[in-house]
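Here the structure is laid out as structure tokens; the discussion comes afterwards.
The values are calculated or read from the model by the stated rules, or taken from the named source; none is laboratory data. All values derive from a computational prediction rather than experimental measurement. Quick reminder, even Gly has a Cβ in these numbers, built from the backbone with ideal geometry, and neighbours come from all protein chains shown. In case anyone asks, the SASA skips ligands and DNA or RNA and just uses the protein heavy atoms, side chains included. Shrake-Rupley method; radii C 1.70, N 1.55, O 1.52, S 1.80 Å.
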Amino acid sequence: MNKQFYITTAIDYVNGQPHLGHAYEKIVTDVIARSRRSLGQEVFFLTGLDEHGQKVQQAAQAEGKSPQVYCDKLAADWQAFAKKLELTNDDFVRTTEPRHKAIVQASLAKVFQAGQIYKQTYSGFYSTKEETFLTDKDRLPDGTFDPAYGEVIELKEDNYFFKLGAQQQWLIDYLEANPSFVQPDYRRNEVLGFLKNNKLEDLCISRPAARLNWGIPLPFDKDFVTYVWFDALVNYISIPAAHGDPTVLSALPSSLVPRPSSFGLWPADIHVIGKDILKFHAVFWPIMLKAMGLPLPKQILVHGWWQKDGAKISKSTGNIVDPVAVINEWGLDAFRYYVLRELDIGPDGNWTDAGFKSRYNTELANGLGNLVNRSLSMLKRYRNGVVPTKSNELASEVAIIAKATCTFLEQNQLQAALQNIWYLVERGNRYVEQTKPFNLAKDPAQAKRLDEVLYNLAETCRVLAVLLWPFLPGTATKIYAQLGLTGAPDKHEAATWGGLSAGHKIGEPAPLFPRKDT
Ligand code: ME8
């Protein structure tokens, strides 16, 4: 059975608003998924929603709806958002689906049987707003708790705990022996620093059903539901199990899980997540998987957070970027381009409207759009749209760019790949300025030279379409259509020079990124 390249995003809280940060993470993952398919791998891309918890229960109550009806309505909006971004996800998980709940329960049963979960009375401080237990370590220097925690109450209740403490040294050794497990490196060092300087406390994994009923019941005690991470993180294995992944299925009790036959996904190749949930993915998740008897994901790829105009994105202060509004005004590919070109995977980013417009006008309209439009318009005007005899003047430069793009894509260096592709855009535009086809066209003695120039320009546009496909799929498809080519430019191997044959008739040129005066 072939194992596919399996890539996931974080699953978003269903009751949040889809914002720039969510869009960015999903687009980054989509570009990696498309790149790997373009490079010939079979890929499975999973995204979805995190739907349980107290906030959802309370919000549904406030609207007089059942939590499921409330989630169904919001899930439809999130799924429409994924479509708007043209994500090529192969599945969409919702943690309220029976296929997910079954695996959460089977995982808990396995870990419980292995003696890694125990019951204990907790007494201490609790933030109702953040649904979390607090300790003295969470106090500010003046002894109070951060106002972000809202009302903090003293609570005494029974709960179930997952043993983390015993695994601390094992995890440190694993992170040290596997440098690519958490990327970029500085995020790995952050996890190592945390593990080396703190004692891991066992993790509370339940809430009494009397207090929170919008959750998955513990299979070994129906008076409790599981809380957050044993629900949310398990999505990464529940969907493989639902598709029949043999690795996950063989680790879980067969009596609890149906076994369809299908393809292999686990271990995941990449979990793409934001920096705020690093500890859960790089500390809790490996220990949970070890307790379940499952191999660890190959990589956790951690992106930074977006701000707008140097300040936190926040609905309450109105400092937001509405991805849907930007896409409606400027087009999806302009949005995808800006976020991928502006921010490398790792550091934090800052959205400015001025920066967006500047990249749109300079790099998209005057750069790529201008190159494609004038190359094809001249071919149409001077040669009636018929591709001349093959010429190899730019072939070696294009080959270097195509190879470097491939290397960057294999290393998930998306920003570097785009920069590299833009060297070719700039080279193409410089070639027009140097060869001046508009002057050559005036002199019949230069007909052969004009043929050469027009071939090199059209073929450069074709290769650009192939290289751009993972990033700007709509634009790449338009370039192919304007070249009169059928199919999608979705295979990297087509980035080899000479794909256009003499005599081929191109289609109609049209501006890819209309200039805007705003
Ligand atoms: O954390 N910039 O859900 P979520 C970039 N359900 N990324 C951002 C961001 C910003 N300003 N704000 C949020 C959850 N994100 C859990 C995850 S996974 C098993 C469970 C990213 O809706 C954030 O870092 O709060 C995370 O990766 C994703 O959006 C979902 O955040």
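Let me know the charge dipole size of the stretch 323-421 about its Cα centre in debye, to the nearest 20, where only the beta-carbon of Lys, Arg (+1) and Asp, Glu (-1) is charged.
That gives a dipole near 660 debye.
Please list, or write none, the lysines whose alpha carbon is within less than 28 Å of the alpha carbon of LYS196, excluding same-chain residues fewer than 8 places away.
Candidates past the 8-residue exclusion: LYS119, LYS137, LYS163, LYS275, LYS279, LYS290, LYS298.
Compute, for the stretch 214-293, the length of the dipole vector about the Cα centre, with Cβ point charges of +1 (Lys, Arg) and -1 (Asp, Glu) only. Units Debye, rounded to 20.
For this selection, approximately 120 debye.
Between the stretch 86-134 and the stretch 43-75, what is the separation of their alpha carbon centroids in Å?
Value for the Cα centre distance between the two parts: 15 Å.
Using a Förster radius of 22 Å, what is the FRET efficiency between TRP305 and ASP138 based on their Cβ-Cβ separation? Nearest 0.05, please.
0.55
Quick one: if the Förster radius is 22 Å, what FRET efficiency do ILE153 and SER66 give, using the C-beta to C-beta distance and rounding to 0.05?
Rounded to the nearest 0.05, the efficiency is 0.20.
Mind grabbing the accessible area of VAL69 for me, 1.4 Å probe, Å², rounded to tens?
Rounded to the nearest 10, the figure is 80 Å².
Any number yet on Rg/Rh for the stretch 179-251, C-alpha, Kirkwood?
Reported Rg/Rh, Kirkwood definition of Rh: 1.10.
Under 18 Å between C-alpha atoms is the cut-off here; go through the stretch 1-112 and count lysine pairs that meet it, provided they're at least eight residues apart or on different chains.
8
How large is the dipole of the chain about the Cα centre if only Lys and Arg carry +1 and Asp and Glu carry -1, each at its Cβ, rounded to the nearest 20 debye?
1420
In units of 2.2 N^0.38 Å, what is the alpha-carbon radius of gyration of the chain?
Compactness ratio reported: 1.12.
Please give the Cα centre distance for the stretch 201-234 versus the stretch 466-506, rounded to the nearest Å.
About 51 Å separates the Cα centre of the stretch 201-234 from the one of the stretch 466-506.
Separation between the ASN366 and GLU131 pseudo-spin-labels, each 7 Å from Cα along Cα→Cβ, expressed in nm?
5.0
Taking 0.36 nm per residue of separation and subtracting the Cα-Cα distance, what length does fully extending ASP322 through GLU176 add?
Between ASP322 and GLU176, full extension yields an extra 48.5 nm.
Using a 7 Å offset from the Cα along the Cα-to-Cβ direction at both PHE145 and SER377, what is the distance between the two label points in nm, to one decimal?
It works out to 6.4 nm between the two label points.
For the stretch 259-414, what is the percent of antiparallel DSSP beta bridges, rounded to the nearest 5?
30
Which FRET efficiency, nearest 0.05, do THR486 and ARG430 yield, Cβ-Cβ r, R0 22 Å?
Step by step, r from the Cβ atoms, then E = 0.10.
Net charge around LEU379, counting only other residues with Cβ within less than 11 Å of its Cβ (Lys, Arg = +1; Asp, Glu = -1)?
+3
Rolling a 1.4 Å sphere over the protein heavy atoms, what is the accessible area per residue of the stretch 87-217, to the nearest Å²?
That works out to 50 Å² per residue.
Once you place label points 7 Å from the Cα toward the Cβ at ASP77 and VAL386, how far apart are they in nm?
For the pair ASP77/VAL386, the computed spacing is 5.7 nm.
Counting DSSP beta bridges with both partners in the chain, what percentage is antiparallel, nearest 5?
Rounded to the nearest five, the antiparallel share is 55 percent.
Would you list which lysines come within 27 Å of LYS442, measuring only between C-alpha atoms, while excluding same-chain residues fewer than 8 positions from it?
LYS380, LYS390, LYS505
Express in whole angstrom the spacing between the alpha-carbon centres of the stretch 159-189 and the stretch 374-412.
Taking the Cα centre of each part, the stretch 159-189 and the stretch 374-412 sit 46 Å apart.
How much length, in nm to one decimal, is gained on full extension between ASP517 and LYS279, taken as 0.36 nm per residue of separation minus their Cα-Cα distance?
So the chain would gain 81.1 nm between ASP517 and LYS279.
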